Amino acid sequence: MLRDKIKIPISELEQSSFCRSDDGLNSKTLEEEFNAGVRWQKLPIEYMRTSPEDLEANILSARKKLGDRVVILGHHYQRDEVIKFADLRGDSFKLSQYAAEQKNAEYIVFCGVHFMAETADILSSDHQKVILPNLTAGCSMADMAQTDDVLDCWDDLMDIMNVDDITPIAYMNSTADIKSLCGENGGVICTSSNAKQIFDWAYKQRGKILFLPDQHLGRNTAVNMGINLSEIIVWDPFKPLGGNTKEEIDNSKLILWKGHCSVHARFSTDQINKARKEDPNINIIVHPECTLDVVKSADYYGSTEYIKKMIDEAESGSSWGIGTEISMVNRLSEENPDKKIFCLDSVVCPCSTMYRIHPAYLSWILDGLLENKVINQIKVPTNVKKYSKISLNRMLELN
Ligand code: 13P
Ligand code: SF4
């Protein structure tokens, strides 16, 4: 796949490159943002030096000329200077539905991260081309489940049980190869908005689930269904049998991959307790990628779309402490001036990979399309598409 050619791992240092930004995270020129020390995809220097205002004018003009040939999809974590150009916004589930429904546009430009663009390519029609403006916009959680490690895990499990004993479920935040493994073995995909429904379905088919790569979403979902913590084990890809005995695997109902989201791992019950102490009327809402203790302590939890809906529909004058990515929290706060809204983590930390979609990249790829040049197309190989489409369609049908 294209990204493999320029695959740039996300170091812990890069993950926090944009934390503690004290100017409200307003976009600067890309050249200035490169100074944060991240390794982003190279693009012609003129785009790097163009001011955010000029980029906006360029994008608007290119967008107008391209008309219906292009549809721009934007995830809620995108920065303001990018999401404002999205024709459709949503969480990863809604965006996958949009990608499947957009039959007319020649190009689907995905302002999000790599696994979302791959999914769009799998679900869209053959004549459509999916573009990710910056190929280094990956997801550090998805990177925690490398395909070879997952294949090894599946082989190990198949040595000690049958495929009829266990359903592989991949979180949307995973590579197309892993989605394909699920499709080929009676498995399915889920997102944070439908994990419970999908787990319910899976337990009706088979007694065990292998869930990857986010251990927290998996644990939160299972505990919410009444599954005992003693029936949940963690698979560490760096240990034989994932660090478990055969007996522990036999006795488990859920095997969780040892992966997590670095953005959501920052939220803690201390932050929730502090917020409640300062304002006893506060409502706490968090994303299910947070740890079990945080989710249990919150008043509400759900996908980014759920969080947005809850805040938009909340009573005027209500106050909300939110446990999710800061670009989204800042936007919710601006869009709901009659409510008190803040991020539970006082250190401003955007998802550094979502943040890699700078308007300069959007301008660059749209200008390319005006010249009939497709830059940064995401193309899932046909053999991988076959089964990954089965597992994704299974999810869409179950909804
Ligand atoms: P949503 O499906 O809730 O949008 O989550 C995607 C994601 O990557 C959260 O970190
Ligand atoms: Fe991945 Fe976490 Fe960023 Fe979501 S917020 S894209 S899970 S790193």
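Readers should treat all values here as calculations from the given coordinates under stated rules, not as data from a laboratory. Values in this document were obtained by computation on a predicted structure and should not be read as measured data. Reconstructed Cβ throughout: ideal geometry from the backbone, glycine too, with neighbour counts over all protein chains shown.
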_Please list, ordered by chain and number, the residues whose modelled amide H lies under 5 Å from the amide H of Thr167; skip anything fewer than 5 residues away on the same chain._
Lys208, Ile209, Leu210
*Long-range Cα-Cα pairs in the stretch 278-399 (distance over 19 Å), rounded percent*: 64 percent
*the stretch 142-260, dipole about Cα centre (Lys/Arg Cβ +1, Asp/Glu Cβ -1), debye to the nearest 20*: 560 debye
*Could you give the size of the charge dipole of the stretch 264-343 about its Cα centre, using +1 on the Cβ of each K and R and -1 on the Cβ of each D and E, expressed in debye and rounded to the nearest 20?*
220 debye
*If you project the alpha carbons of the chain onto their three principal axes, what span does each projection cover, largest first, in Å?*
62, 55, 36
*Which listed residue (Asn281, Gly302, Pro52) has the Cα farthest towards the positive end of the charge dipole for the chain, taking +1 on Lys and Arg C-beta and -1 on Asp and Glu C-beta about the Cα centre?*
Pro52
*asked:* Skipping prolines and chain starts, which residues have an amide H placed within reach, meaning under 5 Å, of the one on Asp91, given they are 5 or more residues away or on another chain?
replied: Glu305
_Of Leu132, Gly243, Leu66, farthest towards positive along the dipole that unit charges on Lys, Arg, Asp, Glu beta carbons give the chain_ = Leu66
_Cα gyration tensor shape for the stretch 264-343, rounded if a/c is under 1.5, else prolate or oblate_ = oblate
*What dipole magnitude, in Debye to the nearest 20, does the chain give about its Cα centre under +1 on Lys/Arg Cβ and -1 on Asp/Glu Cβ?*
560 debye
*Can you give the relative contact order of the stretch 142-260 as a percent, counting alpha carbon pairs under 8 Å and 6+ residues apart?*
28 percent
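By the gyration tensor of its Cα atoms, with a ≥ b ≥ c the square roots of the eigenvalues, what is the shape of the stretch 16-172: rounded for a/c under 1.5, prolate for a/b over b/c, or oblate?
Since a/c reaches 1.5 but b/c is at least a/b, the shape of the stretch 16-172 is classed as oblate.
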